[in-house]
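Asker: Quick one: structure below, then a few questions.
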Amino acid sequence: QLLRQAVAAQPQNSEPYLALARVLSAQSRNDDALKTLSAASAALPDNHDVALYTAITQDNAGGFDAAREAYEQILTRWPTDMIAANNLAPLIADVWPTDRARLDRARDLAERFRDSPNPMLLDTLGWVLARQGNYDDAAILLRRSVSLAGDNRQIQYHYGVVLKAKG
């Protein structure tokens, strides 16, 4: 209730909208969170944080087409957004693993992560490469990623898939 009052009192401030959407998402009320974010987007159409959290919430709610479109819109407006690129590339790899054109787009987005010290970014590129069938390059990147974050199950899974594919 307090967050709804804050939104009503400050409709041009993104923070109450985002806080309310986070609470609703934490309660698995994604539809309500998306309604809140839709209102935020209408009130603040140029707000990067609102756009990004909307895309993430759509992704988490299983609205993959809407999430892909939202990430693409973010990258059109803010081309250096690493979060949007890092979320869009594996979304494509997981949801459209046989769509060659989309996988090429994912690779273009993730290639900028090749020299990153961040294991999650390396994992993204490695997973996209694996989906494209480039297991040798994927294995190298995923080995680096595992060495940096060996306890991450997603990274372990991706590396295991690649090692199995390589025999």
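Asker: Tell me the helices (runs of 4 or more DSSP H) entirely within segment 1-88 that contain at least 2 residues that are surrounded by fewer than 15 Cβ atoms within 10 Å (Cβ to Cβ) and small (G, A, S).
Answerer: 2-9, 30-43
Asker: Scan segment 123-146 residue by residue and report those that are over 19 Å from the mean Cα position of the chain (by Cα), open to solvent by less than 40 Å² (accessible area, probe 1.4 Å) and charged (D, E, K, R).
Answerer: The one that is over 19 Å from the mean Cα position of the chain (by Cα), open to solvent by less than 40 Å² (accessible area, probe 1.4 Å) and charged (D, E, K, R): D137.
Asker: Going by what's in this entry, would G133 be described as more than 28 Å from A51 (Cα to Cα), at pLDDT 95 or above and in a loop (DSSP other than H, G, I, E, B)?
Answerer: Criteria met by G133.
Asker: Right, here's the next one. Taking R107 and the conditions (1) surrounded by 16 or more Cβ atoms within 10 Å (Cβ to Cβ); (2) over 24 Å from E69 (Cβ atoms), which numbered condition does it fall short on, given that it satisfies the others?
Answerer: Of the numbered conditions (1) surrounded by 16 or more Cβ atoms within 10 Å (Cβ to Cβ); (2) over 24 Å from E69 (Cβ atoms), the odd one out for R107 is (2).
Asker: Just the residues that are open to solvent by 40 Å² or more (accessible area, probe 1.4 Å) and in a helix (DSSP H, G or I), please, taken from segment 147-158.
Answerer: S147, L148, R153, Q154, Q156, Y157 - these are the residues of segment 147-158 that are open to solvent by 40 Å² or more (accessible area, probe 1.4 Å) and in a helix (DSSP H, G or I).
Asker: Being farther than 23 Å from Y53 by Cα and part of a helix (DSSP H, G or I) is the filter; apply it to segment 89-104 and report the residue that is most open to solvent (accessible area, probe 1.4 Å).
Answerer: Among residues in segment 89-104 that are farther than 23 Å from Y53 by Cα and part of a helix (DSSP H, G or I), the one most open to solvent (accessible area, probe 1.4 Å) is R100.
The values are calculated or read from the model by the stated rules, or taken from the named source; none is laboratory data. All of these numbers come straight from a predicted model, not from anything done at the bench. Backbone-built Cβ (ideal geometry, glycine too); neighbour counts: all protein chains shown. Quick note on the areas: whole protein, heavy atoms, side chains included, nothing else; ligands and nucleic acids left out. Shrake-Rupley method; radii C 1.70, N 1.55, O 1.52, S 1.80 Å.
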